[in-house]
Amino acid sequence: MAFVQNFPFFCIILTLFGGPLSSILSGKAAKYVNGGIISAVGAMNVAVLAFVLRTGESYTYMMGHFPAPWGNEIRIGVLEAVMAVVFCIIMLLSMLGGIREREQHIEDSKQNLYYIMVNLLLSSLIALIYTNDLFTAYVFVEINTISACGLIMIRQNGRTIVAGTRYMIMSLLGSGMLLLGISFLYGLTGQLLMSNIKESVEGIVAAGTYYRPLLVAIGLMSVGLAIKSALFPFHAWLPDAYGYSTVSSAAILSSLVSKGYIFLLVKIFYRVIGFDIIRNSRIIHVLFVFGILGMIMGSVDAIRQNSIRRMIAYSSVAQIGYIYMGFGLGTTVGVVASLYHVISHAATKSLLFVAGSGLTEVSDGSTRFLDLTGAGYRHKLAGIAFTVGSLAMVGIPIFSGFISKLLFAQAAVGHHYKTLPTLIALAISTILNTVYFMKTVIRLYTPEKAAVIREKNFCTIHAWQEPVKSAALICFIIVNVILGLRSETIILMIERGLQMFG
């Protein structure tokens, strides 16, 4: 075994170890340790991606001395490595982009606690990506939930307490349904290793026995993960959780946490059940309907908001709808489009939250659209970054969002009864995206009135005054453009990864 094949295991252990280590460090020291851990994990995952691309094969890694099903194992392929690299990049840039706000909004005595939660969250995300054991996945789903709740509530004001409580209630409901589904599946198959479950499920379907309990298990796991990833109409917790937490927390929650659950659902579809069985179960039709509803209703709710943070939050509901709509098409092309959108949305949504924080900073801390008038002139880099993110969400060429919508349209063409609903939903959603994002951009570049300046404590910030945040914004813009201009390479890796995924 090549040494690089150990790296996924090292990543999980390193991030898990980072939590206890941060607990005994000062906030400043924990910050540097956390940055080092994210960078190291990202570098190791890049090496793993290069290795699996070179070999062209996935591999399994046994943890401990006992083989599965008694022991535990992880499985590494192109798709897993791509997602791990993207998650590390987005998390690092989100942490860098929110340094100043974290220091302002979190008490000094709780700074290291924040980094404990971030390390545990990254550990759970990496484990969800790589694990080949369904119950281990559930354990890290719970670690992910607790860590995310901590990131919301650590700001310690009334709104974040309520938001964190609401998030925990809804998330535990989803976790409970996921656990019930796993329990049913274990009762039917007697297996927890994903590849072994798939063999048993294929036998059940071929024999025609226990098919209805199998459908119940699939439905419970799908709905549970849909709740946790904020698919409409299970999104009630999302606006407050994203709108009132720190900017780093909002960026991480919107870009990564929900995507970890979605990636686990893809693993269940392909590696646990088998996509042909999922397609024949008709559960994807339910996901398709709610995906389209989410695309439209999330955008309608975003238009109705008066706060830039809540507008961005409701936009996430629409984007999650895109992903589930792609799954609902029931084709490999649709899944590829959804997985590309997972990457595109992760890069763009975190960009919008970080840029939005810069714009509110020069507007007396207000998130209201009226107070953001002219903010693009007061913080030029944040204005440019927000405009780039908005153009990507609308679907303008050269940006990642255009490729996503093109892939969804291509995936829908030729489908005998889902083509028209998909294309209509894409058109309506794009128009609605344009309304609320371009309205915001126009507001940012509308010259402010002198009376407003006198009433508010507005200020001007230049890029050189916030070098770390400025570097993060520039990197986010570069990532978005790369996703738009070099999409073919990424799509080929996703397709190659799906081929070896099952």
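The values are calculated or read from the model by the stated rules, or taken from the named source; none is laboratory data. Small disclaimer: the values here were computed from a predicted structure and weren't measured. A quick note on method: Cβ atoms are made from the backbone with ideal geometry, for glycine too, and the neighbour counts reach across all protein chains shown. Please note that ligands, DNA and RNA were not included when accessible areas were found on the heavy atoms of the full protein model with its side chains. Shrake-Rupley method; radii C 1.70, N 1.55, O 1.52, S 1.80 Å.
Any idea which residue in segment 196-235 is farthest from Phe269 (Cα to Cα), counting only those that are among the hydroxyl-bearing types (Ser, Thr, Tyr) and open to solvent by 40 Å² or more (accessible area, probe 1.4 Å)? Here the answer is Thr209. Taking the numbered list (1) more than 20 Å from Leu215 (Cβ to Cβ); (2) of a type outside the set (Phe, Trp, Tyr); (3) part of a helix (DSSP H, G or I) in turn, Arg155 passes all entries but (3).
Could you please find all residues in segment 125-146 being part of a helix (DSSP H, G or I) and farther than 11 Å from Gly260 by Cβ? Within segment 125-146, Tyr130, Leu134, Phe135, Thr136, Tyr138, Val139, Glu142, Ile146 meet the criteria.
Filtering segment 380-408 to residues that are in a helix (DSSP H, G or I), of a type in the set (Phe, Trp, Tyr) and buried (at least 20 other Cβ atoms within 10 Å of the Cβ) leaves Phe386, Phe408. Only one of the listed residues (Leu53, Leu79) is of a type in the set (A, V, I, L, M), open to solvent by 30 Å² or more (accessible area, probe 1.4 Å) and outside any strand (DSSP E or B). That residue is Leu53. Scanning segment 287-306 for residues that are open to solvent by 20 Å² or more (accessible area, probe 1.4 Å) and either without any contact (Cβ under 8 Å) to a residue 40 or more places away in the chain or not β-branched (Val, Ile, Thr) (or both) turns up Val289, Phe290, Leu293, Met297, Asp301, Arg304, Gln305, Asn306.
When only residues in segment 344-379 that are open to solvent by 10 Å² or more (accessible area, probe 1.4 Å) and hydrophobic (A, V, I, L, M, F, W, C) count, which is nearest to Val481 (Cα to Cα)? Out of the qualifying residues, it is Phe369.
Exactly one residue out of Phe66, Phe87, Phe7 is touching a residue at least 24 places away in the same chain (Cβ under 8 Å) and open to solvent by 30 Å² or more (accessible area, probe 1.4 Å): that is Phe7. Here's a check for you: in segment 409-425, which residue that is part of a helix (DSSP H, G or I) and in contact (Cβ under 8 Å) with a residue 24 or more places away in the chain is most open to solvent (accessible area, probe 1.4 Å)? My answer is Gln410. The test for being part of a helix (DSSP H, G or I) and more than 25 Å from Thr160 (Cα to Cα) holds for Asn45. Consider Ile154 carefully, then state whether it is in contact with a Phe, Trp or Tyr (Cβ under 7 Å, 6 or more places away or on another chain) and among the hydrophobic types (A, V, I, L, M, F, W, C). Answer is yes for this residue.
Any residue that is under 27 Å from Ile152 (Cα atoms), of a type in the set (S, T, N, Q) and touching a helix residue (DSSP H, G or I) at 6+ places or on another chain (Cβ under 8 Å) - is there at least one of those in segment 80-100? Yes, that holds for at least one residue. Considering only segment 273-285, I want to know if a residue exists there that is closer than 22 Å to Tyr417 by Cβ, without any contact (Cβ under 8 Å) to a residue 40 or more places away in the chain, open to solvent by 30 Å² or more (accessible area, probe 1.4 Å) and of a type in the set (D, E, K, R). Yes: one or more hits.
Per-residue answers, yes or no, for (1) in contact with a Cys (Cβ under 6 Å, 6 or more places away or on another chain); (2) under 26 Å from Ser39 (Cβ atoms); (3) crowded, with 23+ Cβ neighbours inside 10 Å:
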residue: Gln104; (1), (2), (3): no, yes, no
residue: Tyr115; (1), (2), (3): no, yes, yes
residue: Ala127; (1), (2), (3): no, yes, yes
residue: Ile143; (1), (2), (3): no, yes, no
residue: Tyr186; (1), (2), (3): no, no, no
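Filtering segment 10-32 to residues that are open to solvent by 40 Å² or more (accessible area, probe 1.4 Å) and either within 18 Å of Leu125 (Cβ to Cβ) or at pLDDT 90 or above (or both) leaves Phe10, Ile13, Leu14, Leu16, Phe17.
Taking segment 197-233 as the range and being outside any helix (DSSP H, G or I) and either on the phi < 0 side of the Ramachandran plot or not small (Gly, Ala, Ser) (or both) as the test, the residues that pass are Thr209, Tyr210, Ser229, Leu231, Phe232, Pro233. For first residues located in segment 346-359 and in contact (Cβ under 8 Å) with a residue 12 or more places away in the chain, partners that are among the charged types (D, E, K, R) and surrounded by 24 or more Cβ atoms within 10 Å (Cβ to Cβ) and lie 6+ apart or on another chain with Cβ distances below 9 Å form the pairs Ala346/Lys259; Val354/Lys469; Ser357/Lys469; Gly358/Lys469.
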